[in-house]
Each structure stands twice: as structure tokens, then as C-alpha cells.
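*Asks:* Following this message is one structure expressed as C-alpha cells.
The values are calculated or read from the model by the stated rules, or taken from the named source; none is laboratory data. In this text the structure is predicted, and so the values were computed from the model without any measurement. Glycine also receives a Cβ, built like all others from the backbone with ideal geometry; neighbour counts cover every protein chain displayed. These accessible areas exclude ligands, DNA and RNA; they are computed on the full protein's heavy atoms, side chains included. Shrake-Rupley method; radii C 1.70, N 1.55, O 1.52, S 1.80 Å.
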Amino acid sequence: MGTFHQDRGEFHGITVVVDTSGPVAYVGRCNMVTPEGVYFFDADRLEVEAGQDVAEAKEAWMRRAAQVGYWKKHENLHVPAAEVASIRRLGDVAG
């Protein structure tokens, strides 16, 4: 049957992780992906603390979210396109 919101992109309604080139990553239910960025419902945000290995900390956080879920800390969240390094389904994160 498909979604009734084809204009919102392939990730609409799917829980995704968004990685950035910096120390921040996001997980949440994707509302839409536009040229302006990624819009989330019910999201969480990680900011890796100074002194930690950024890639390792983000990957561990994403794996944990894939295994046990995540706690919603933001009802609505927007990640500007310039900050998005990658977006993938949470289910595609190796546990």
C-alpha cells in the first residue's frame, strides 16, 4: 500500500541515525528529509565529550540504540543539511 506522504522521502516514519562530521549524532523517527536537512519526531542527541574517541563513542551509542532502543529527549528536532554526514536506518546498525 505504501505511505501517504511520498513527498517526505524514503525515510519518512522510520527510525534512523544521523551522523555528523563532528562530535554529534542523532537517533529518532524521521519525519522528512529535505534539502534543508533532516526533521525528526521523538529524537535523542549525542554529543561526544572532549577526550573521548568520537567515532568509537558514536558507534557504541548507535549500537546500543539498535539493541535496546533510545530515550526520547526531543519532541521535534531539525538537523541542518550542512551538518549531515550520513543517514541510515537504525535497523541497519550492526548490534
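*Asks:* Per residue of segment 42-51, in order, report the coupling 6.51 cos²θ - 1.76 cosθ + 1.60 (Karplus, θ = phi - 60°) as ³J(HN,Hα) in whole Hz, putting x for Gly and Pro.
*Replies:* Each residue of segment 42-51 in turn: 6, 10, 10, 9, 10, 10, 5, 6, 4, x Hz.
*Asks:* Once the Cα atoms of helix 54-68 and of the chain are each reduced to a long axis, what angle between those two axes, in degrees from 0 to 90 to the nearest 10, is obtained?
*Replies:* 60 degrees
*Asks:* Okay, moving on. Once neighbouring chains are kept in place and the probe is 1.4 Å, which whole percent of the accessible area of the chain is contributed by carbon and sulfur?
*Replies:* Values: 2950 of 5890 Å².
Roughly 50 percent of what the probe reaches on the chain is carbon or sulfur.
*Asks:* OK, next. Taking the simple approach of a point 7 Å from Cα along Cα-to-Cβ for both Val84 and Glu36, what is their distance in nm?
*Replies:* Each label point lies 7 Å from its Cα, and together they span 1.3 nm.
*Asks:* Further question on the same structure: Per the helix-only calculation at 222 nm, which mean residue ellipticity applies to the chain, given -39500 (n - 2.57) for every DSSP H run of n ≥ 4 and division by its residues, nearest 500 deg cm²/dmol?
*Replies:* On the way: 1 runs with 15 residues, N = 95.
-5000 deg cm²/dmol, from helical runs alone.
*Asks:* Oh, and also: Computed from these coordinates, which is semi-axes √(5λ) of the Cα gyration tensor in Å: (i) 22, 15, 11; (ii) 29, 15, 10; (iii) 20, 17, 11?
*Replies:* (i)
*Asks:* Once you put a point 7 Å from the Cα of Ala94 and another 7 Å from the Cα of Ser21, both along the Cβ direction, what distance in nm separates them?
*Replies:* 2.5 nm
*Asks:* Express the accessible area of segment 5-61 per residue in Å², computed with a 1.4 Å probe while the remaining protein chains stay in the model. Show your work: numbers first, answer last.
*Replies:* Working: 2940 Å² over 57 residues.
On a per-residue basis, segment 5-61 sits at 52 Å².
*Asks:* Which stretch or stretches of segment 29-46 have amide N atoms under 19 Å from the point lying 7 Å from Asn76's Cα along the Cα→Cβ direction?
*Replies:* Zone members listed by number: 29-45.
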